[in-house]
Every structure is written in C-alpha cells, then in structure tokens.
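S.K.: Here it is, the structure in full.
The values are calculated or read from the model by the stated rules, or taken from the named source; none is laboratory data. Nothing here was measured: the structure is a model prediction, and the numbers come from that model. Cβ: placed from backbone, ideal geometry, glycine included. Neighbour counts: every protein chain shown.
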Amino acid sequence: MKSHQNVMGNPGSAKLSDAIAAEAVAKLETYLEWLDHAVGMLDEHALWARPSANVNSVGNLLLHLEGNVRQWMLHGLAGEQDRRQRDLEFSTDGGRTGAELLKRLHETVTKACSVIRSSQTSEDWLQQREIQGFSTTTLGAVVHIVEHFSYHTGQIVQLAKSATGRDMGFYKL
C-alpha cells in the first residue's frame, strides 16, 4: 500500500496537464488498493449482502464502478463501443467472487489510466465530449471518474467495516 505521504499530491510536474493526469491516476490507484483490502476481508455472503432492500451490496458497487469507468473513460474518451448494461450492475445478486470483480475493475482502471495519461495538451483536456447523455470535457470526465470512484470506495469500505467490525487501517500501513 502507498504510504500516507505518497497519497497526497504529485510534486515535480512541469506542466499542469501532467500534474492533473498524475493526480487523477494516483487517486484511482490508491482507491483500488483500498478496495483490494476491504473486499479481501469479505466472504462470499458479505460480498453480495444488501443491508436493506434499497442499499447496494459491495458486489453491486464493484460492478457499478467498473461499468462507469468503462463507459466514461474507455467509451467516452477512447472511443470504444459502449456495451454497458447499467441496470444489471444493480440487479445482480451473485455469481462472481470478489477476486473476479476486482480483477475486471483493475483491468478497466489500468486502461482508463492510460487514457488519462494520454491527454497531453490544454486542448485535449478542454475537448468537448458527450458521455452518458452529459455534455462535458475530458477534464470534466476525469474529475467525474475520480469523485465517483471515491464516493463508492467510501461506501464499500463502510460496508466492509460493518460486515467485519474491523478498521481498515489505511493510514497505519
């Protein structure tokens, strides 16, 4: 796991565009590590358990994160075909292990980080995009992905803490 000192900021970038890309990638990589740790503590039942009818399971949230990153980054910015089935992200109630879900999420985020790093100029970052019915820019899409990933990472960590009664200890590692 990254140390506390390495999580906050990326000093040394010569260009703002490089600093934005580095910061976004660093955040996504950190959140993936936190998810690995949290999901690794859960058994199959806890992975797919819904605390109540209107609350998603950790498994659903992992499917949702992967689908969202794929749609916004790989489709919206890289031009891949949009094959997302958003409703299935929330209606699925099993069939995959935490390791399988994390593997797919890691693969998608790794590709997304390559897309983020490929934005080299101010013009790249300000390019207009239409993603999931929203008018945005490359920068707006990257900010969306980072904040969306952060939000659901917090939910997953909370669900894991509730299921196990254990603290994640992220800042003690």
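S.K.: Residue 157 - would you say it is closer than 15 Å to residue 24 by Cβ and modelled with pLDDT of 95 or more?
M.R.: No, not satisfied.
S.K.: Return the pairs, sorted by first residue and then second, in which the second residue is of a type in the set (Lys, Arg) and modelled with pLDDT of 95 or more, the first residue lies in region 120-139 and is assigned to a strand (DSSP E or B) and surrounded by 12 or more Cβ atoms within 10 Å (Cβ to Cβ), the beta carbons are less than 6 Å apart, and the residues are 6+ apart or on different chains.
M.R.: Taking only residues 6 or more apart or on different chains, the pairs are 136/129.
S.K.: Evaluate region 154-166: report whether one residue or more is in contact with a strand residue (DSSP E or B) (Cβ under 7 Å, 6 or more places away or on another chain) and in a loop (DSSP other than H, G, I, E, B).
M.R.: No; the residues of region 154-166 include none that is in contact with a strand residue (DSSP E or B) (Cβ under 7 Å, 6 or more places away or on another chain) and in a loop (DSSP other than H, G, I, E, B).
S.K.: Moving on to the next point. Is it the case that some residue within region 76-88 is among the hydrophobic types (A, V, I, L, M, F, W, C), under 19 Å from residue 42 (Cα atoms) and not in a loop (DSSP other than H, G, I, E, B)?
M.R.: Checking region 76-88: not a single residue is among the hydrophobic types (A, V, I, L, M, F, W, C), under 19 Å from residue 42 (Cα atoms) and not in a loop (DSSP other than H, G, I, E, B).
S.K.: Answer yes or no: is there a residue in region 26-45 that is modelled with pLDDT of 95 or more, crowded, with 21+ Cβ neighbours inside 10 Å, within 14 Å of residue 146 (Cβ to Cβ) and touching a strand residue (DSSP E or B) at 6+ places or on another chain (Cβ under 7 Å).
M.R.: no
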